[in-house]
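A short write-up of the structure that comes next.
The values are calculated or read from the model by the stated rules, or taken from the named source; none is laboratory data. All values derive from a computational prediction rather than experimental measurement. Cβ coordinates were reconstructed from backbone atoms using ideal geometry, including for glycine residues, and neighbour counts include every protein chain displayed. With ligands, DNA and RNA removed, areas are computed over all heavy atoms of the protein, side chains included. Shrake-Rupley method; radii C 1.70, N 1.55, O 1.52, S 1.80 Å.
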Amino acid sequence: LALPDTSSGWRLYQPSIEDALQKRIRLHEALRGALDNHEFFLVYQPKIELRSGRIIGAEALLRWVHPQLGFVSPVDFIPMAEASGDILRIGDWVIERAIRQLEEWLAARQVANDFHLAVNVSVQQLTRPDFARNLLQRLLRSRLPAGALEVEVTESGLMQNVDLARTQLQLLSRHSVSVAIDDFGTGHSSLAYLKTLPVSVLKIDRAFVSNMDTEPQDRRLAETVIDMARNFGCITVAEGVEKPEQAEMLMDMGCELAQGYWYSPPLKVEQFVEFCAAREQIAC
Ligand code: C2E
Ligand code: MG
Ligand code: MG
Ligand code: MG
């Protein structure tokens with residue numbers, strides 16, 4: 001508790017609710033200008049095929065560094081952008097940037113021909129009636145091979161408006177854009193709904209992966225997700241693999257792909273290209 005000391009004229013500083021609110025307001029204002037001030041960039045986390053150790057793709061993740069506020073985590077600013085509606089413009093930028101990057105990598109032969117790039121898409125974007133059409137039109141204008149782009153939607157986002165989401169996802173999947181459900185296992189989706197969605201990838205949430213080598217219950221949950229994915233005709237990606245023991249277990253369970261610090265954190269473009277070059281030499 002702050003104790004005002006009138007005699008000496010100083011008092012203990014205590015961050016108040018007002019301070020926290022002030023900070024959020026500043027963050028909101030800063031976020032509004034971030035796109036026009038070119039403060040965003042993408043980083044890329046490799047996706048590894050467990051069985052071969054090959055890099056088969058990457059996930060694009062958004063980064064924001066503000067000149068005064070410094071690095072702000074997407075965990076903090078994405079929900080703000082979703083609440084304000086800014087996520088629509090930001091999301092368009094992410095898709096545009098990701099497509100251009102992939103075109104560059106393919107043209108320079110820095111990634112394999114079957115490499116695919118996944119972008120995260122918020123439910124606000126996905127439930128726009130023209131979302132899929134715009135994305136497909138943009139893809140047509142690019143020289144990317146069919147299937148080069150994947151969209152990741154969180155399980156909880158998807159469940160907020162299954163019917164609108166389904167319409168968009170169906171159009172995307174009919175044109176070879178694959179759909180992944182992100183953070184799977186945390187969003188209480190019903191199996192009845194899942195069955196009706198054109199999903200090809202389930203991403204096992206990091207929460208289950210981080211403790212699977214020590215917690216038998218988490219291990220069983222991961223195994224359940226992998227079995228379920230197989231029954232749905234989906235492949236599984238494990239998020240947040242940090243130890244070789246986890247990778248080993250996941251492979252034994254039949255999980256196909258993995259991402260995590262054990263392989264690589266998300267990387268800036270130059271580092272990502274170096275990582276691919278070094279890794280391909282090892283794999284040969
Ligand atoms: P996500 O899509 O589930 O991404 C995985 C998060 O786990 C990323 O955090 C990644 O950096 C982190 N991660 C990867 N491997 C490991 C690991 O081995 N250990 C640990 N502890 N963490 C690991 P990041 O980049 O902070 O992103 C957080 C979330 O923000 C993402 O979760 C996604 O939901 C959202 N996000 C990021 N970029 C975008 C974007 O462009 N659009 C939208 N709509 N959401 C985004
Ligand atoms: Mg994701
Ligand atoms: Mg995730
Ligand atoms: Mg997550």
Task: Theoretical ellipticity at 222 nm over the chain - DSSP helices of four or more residues, -39500 (n - 2.57) apiece, nearest 500 - done: -14500 deg cm²/dmol
TODO: Would you mind putting 173-183, 149-159 in packing order, based on average other-beta-carbon counts within 10 Å, highest first?
DONE: 149-159, 173-183
Task: Efficiency of FRET between R24 and A112 - r from beta-carbon atoms, R0 35 angstrom, step 0.05 - done: 0.20
Open item on the list: Is the C-alpha gyration tensor of the range 83-126 telling us rounded, prolate or oblate? Criteria: a/c under 1.5 is rounded; beyond that, a/b larger than b/c is prolate, otherwise oblate.
Closed with: prolate
Task: Accessible surface of the range 124-244, 1.4 Å probe, proportion on carbon and sulfur as whole % - done: 48 percent
Task: Prolate/oblate/rounded call for the chain, Cα gyration tensor, a/c under 1.5 rounded - done: prolate
TODO: Figure the gain on full extension for E280 and R89 (residue separation times 0.36 nm, minus the Cα-Cα span) and round it to one decimal in nm.
DONE: 65.2 nm
Task: Selection from L250, L172, N161 lying farthest towards where the dipole of the chain points positive, charges on Cβ - done: L172
Task: Cβ-derived FRET efficiency at R0 25 Å, T196 paired with D130, nearest 0.05 - done: 0.70
Open item on the list: Among P129, A20, A222, which residue has its Cα furthest toward the positive end of the charge dipole of the chain, with +1 on Lys/Arg Cβ and -1 on Asp/Glu Cβ?
Closed with: P129
- [ ] Name the shape class, rounded, prolate or oblate, that the alpha-carbon gyration tensor gives for the range 94-239, where a ≥ b ≥ c are the square roots of its eigenvalues, rounded holds for a/c under 1.5, and otherwise prolate holds if a/b is larger than b/c and oblate otherwise.
- [x] oblate
TODO: Treating the angle as unsigned and between 0 and 90°, give the value, to the nearest 10°, between the Cα long axis of helix 131-141 and the longest Cα principal axis of the chain.
DONE: 60 degrees
Open item on the list: What figure, in Å² to the nearest 10, do you get for the accessible area of V162 with a 1.4 Å probe and non-protein molecules left out?
Closed with: 10 Å²
